């Protein structure tokens with residue numbers, strides 16, 4: 001049994017009665033005393049960067065524990081690095097595609113058909129030069145279909161917006177190719 005309070009000649013010299021030390025909040029290898037004065041051994045495992053792994057689906061797995069040094073994970077092969085970069089590039093391309101469908105190009109040439117139901121915007125930006133956005137209005141302009149094509153006129157994505165009969169809601173469906 002430990003001692004939690006030491007009083008000498010009416011003066012408190014040591015008082016652990018308010019301490020909140022628990023094994024679960026201390027690193028392995030460290031010892032303290034709880035509020036009853038009993039020794040407490042830390043139970044948080046000490047980990048190294050070698051504990052960090054990558055799951056089959058490409059997520060980095062960092063086990064719980066104490067890391068004395070910062071954790072820097074480096075994929076083990078050039079193929080893994082290239083795969084991660086390609087995945088990031090694909091996600092950025094999807095974001096750009098959605099932006100073009102929603103907002104159009106920064107600079108463009110625009111043509112309208114005779115009845116104004118088809119609008120074609122051709123990009124003149126350096127990065128997207130030659131790409132096309134074709135908007136087709138049907139059903140009394142309640143349905144707007146926007147198709148994004150590349151320089152070879154291959155469809156990249158499509159956005160269909162439908163305005164409700166009462167004009168209060170718009171539903172949108174985006175398809176990325």
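The values are calculated or read from the model by the stated rules, or taken from the named source; none is laboratory data. Please read these numbers as outputs of a predicted model, since none were measured by experiment. Reconstructed Cβ throughout: ideal geometry from the backbone, glycine too, with neighbour counts over all protein chains shown.
Tell me which residues, restricted to the range 23-41, are surrounded by 12 or more Cβ atoms within 10 Å (Cβ to Cβ) and either in the same structural domain as residue 84 (by TED's automatic domain parsing) or touching a strand residue (DSSP E or B) at 6+ places or on another chain (Cβ under 7 Å) (or both).
Across the range 23-41, the qualifying residues are 23, 26, 27, 28, 32, 33, 34, 40.
Condition check: surrounded by fewer than 12 Cβ atoms within 10 Å (Cβ to Cβ) and without any contact (Cβ under 8 Å) to a residue 60 or more places away in the chain. Does residue 115 satisfy that? Write out each step before concluding.
On the way: surrounded by fewer than 12 Cβ atoms within 10 Å (Cβ to Cβ): yes; without any contact (Cβ under 8 Å) to a residue 60 or more places away in the chain: yes.
When the stated conditions are applied, residue 115 passes them.
Among the residues of the range 105-150, what is the count of those that are assigned to a loop (DSSP other than H, G, I, E, B) and closer than 15 Å to residue 161 by Cα?
Of the residues in that region, 5 qualify.
Just for the range 42-79: of the residues that are out of contact with any strand residue (DSSP E or B) (no Cβ under 6 Å at 6 or more places or on another chain) and modelled with pLDDT of 85 or more, which one is farthest from residue 2 (Cα to Cα)?
45
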